[in-house]
Amino acid sequence: MCSICSVKLMRDTALEKDASQPNLQPLFISVDPERDSPKVIKDYCSEYSPHLIGFTGSEEEIREVCKKFRVYFGKGERDENNDYIVDHTIIIYLLNPRGEFVNYFGRSLSADNVYTAVAQHIARYNELQQKGKLDNEKDQK
C-alpha cells in the first residue's frame, strides 16, 4: 500500500534506475476503489515512473490485501460536494523474488536510508541463494 509520500520516496531512492540492482518492480495498490478505476490508477502511476504498476479492485479484494499486509484504511465522512478523504497506512513493503515479506519502510526514513537497506537485503538474499541456504531452493530449479 502506498500513498503519494511512499511513491515519492520510492522514486527518490533511484532503485528502479540502478543498473547494479536486480529487476525491482515497484507496485502501488489503491485503497479507494470508489474513485480509483484502472484508468485513474494507470494515469496516476505514469506520473511517477514508467515502471510503477498500479492495482485496484473491489472493496472486498482491497480489504483482503490490506488484511494480509496489516494495512489500515478508512473513508472519512462525505462533505457537501460528496467528496471524502481516505486515511491509510503509509508504508513501502519489500518482498523477495519469491513474494515473501522482507522488510517495510515508513515515511520517516530518507530515500538514502531506504536505498541502503534494500541494497543490503538484496546482497544478503543473493548470498544465501549462492550458498543454497534458501528454503525450497531445490524446488525452484
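The values are calculated or read from the model by the stated rules, or taken from the named source; none is laboratory data. Predicted model only: the values in this text are computed from it and were never measured. Every residue, glycine among them, receives a Cβ derived from its backbone with ideal geometry; neighbour counts consider all protein chains shown. Keep in mind that these areas ignore ligands, DNA and RNA; they rest on the heavy atoms of the full protein, side chains included. Shrake-Rupley method; radii C 1.70, N 1.55, O 1.52, S 1.80 Å.
Odds and ends about this structure:
Residue-by-condition table, conditions (1) at pLDDT below 90; (2) small (G, A, S); (3) farther than 30 Å from E34 by Cα; (4) open to solvent by 60 Å² or more (accessible area, probe 1.4 Å):
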{"site": "N81", "(1), (2), (3), (4)": "no, no, no, yes"}
{"site": "T89", "(1), (2), (3), (4)": "yes, no, no, no"}
{"site": "I92", "(1), (2), (3), (4)": "yes, no, no, no"}
{"site": "G106", "(1), (2), (3), (4)": "yes, yes, no, no"}
{"site": "L128", "(1), (2), (3), (4)": "no, no, yes, no"}
{"site": "K133", "(1), (2), (3), (4)": "yes, no, yes, yes"}
{"site": "Q140", "(1), (2), (3), (4)": "yes, no, yes, yes"}
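- Residue match in the stretch 52-63 (condition: in contact with a Ser or Thr (Cβ under 8 Å, 6 or more places away or on another chain), at pLDDT 90 or above and in a helix (DSSP H, G or I)): yes
- When S37 is tested against (1) in contact (Cβ under 8 Å) with a residue 24 or more places away in the chain; (2) open to solvent by less than 50 Å² (accessible area, probe 1.4 Å), only condition (1) is not met.
- Boolean, A123 is exposed (fewer than 15 other Cβ atoms within 10 Å of the Cβ) and assigned to a helix (DSSP H, G or I): yes
Rundown of residues vs (1) touching a Leu at 6+ places or on another chain (Cβ under 6 Å); (2) assigned to a strand (DSSP E or B), yes/no style:
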residue: G74; (1), (2): no, yes
residue: D87; (1), (2): no, yes
residue: Y93; (1), (2): no, yes
residue: P97; (1), (2): no, no
residue: V102; (1), (2): yes, yes
residue: S108; (1), (2): no, no
residue: N113; (1), (2): no, no
